[in-house]
1. Using Cα pairs under 8 angstrom and six or more residues apart, how large is the relative contact order of segment 2-132, in percent?
2. If you find the alpha carbon centre of segment 36-52 and of segment 74-95, how far apart are they in angstrom?
3. Would you order 63, 37, 106 from fewest to most other beta-carbon atoms within 10 Å of each residue's own beta-carbon?
4. Scan around residue 109 for amide H atoms under 5 Å from its own, H built in the peptide plane at 1.01 Å from N, and keep only partners 5 or more places away or cross-chain.
Amino acid sequence: MTLTLRIPRASPSLNDFANPYSSSKYKYRELRKRWNREIGDALLEARVAERKPLRWPRPPKERVYLVVTRYAPEHQWLDADNLAGGMKPVLDALKAHDVIADDNTRAIELTTRQDVSPHAQPTRWTEIELSIDPPMLREWREDVPTLTPDQQDAQDETDAYKARGQR
């Protein structure tokens with residue numbers, strides 16, 4: 001299962017809500033509400049596009065692999081710590097919508113990236129890819145041709161024959 005959400009705003013920086021000199025004490029609450037609304041809208045769009053029921057299933061019990069890509073002009077890129085720390089309102093919104101069971105490291109594996117936005121897209125936006133399969137395993141599965149059940153049975157028999165040492 002893979003789900004890709006596109007949010008029409010760049011993910012926040014840790015400095016947006018954690019800097020005691022430039023942010024008010026309500027800044028994080030505002031960010032959390034905004035991202036909660038944005039994630040809800042993106043989930044609704046994804047469900048309608050896939051022609052699935054609007055009710056979202058329960059969060060998976062398996063570990064969820066998240067790849068969050070922040071698209072922005074290169075001069076607006078964040079430091080690695082600001083990028084990772086800014087994921088808090090995003091993860092809280094995903095948890096509030098039951099997309100992930102929890103936001104601890106046992107329940108998710110988070111990868112954050114930055115890229116220059118393509119000209120056809122809005123200048124700043126965020127793409128969130130959720131998957132139950134690890135990214136490396138997913139890429140491997142896409143490269144390997146799938147076998148039909150008959151081919152798999154034949155392959156299993158061949159492997160068993162070789163394992164017995166018969167030729």
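1. 44 percent
2. If you average the Cα positions of each part, the centres end up 21 Å apart.
3. Going from least to most buried by this count: 106, 37, 63.
4. 64, 65, 66
All of the numbers you see were taken from the coordinates with simple rules; none came from a lab. All figures in this text were calculated on a predicted structure; none of them were measured in a lab. Positions of Cβ are generated from backbone atoms using ideal geometry, with glycine treated the same way; all protein chains shown enter the neighbour counts.
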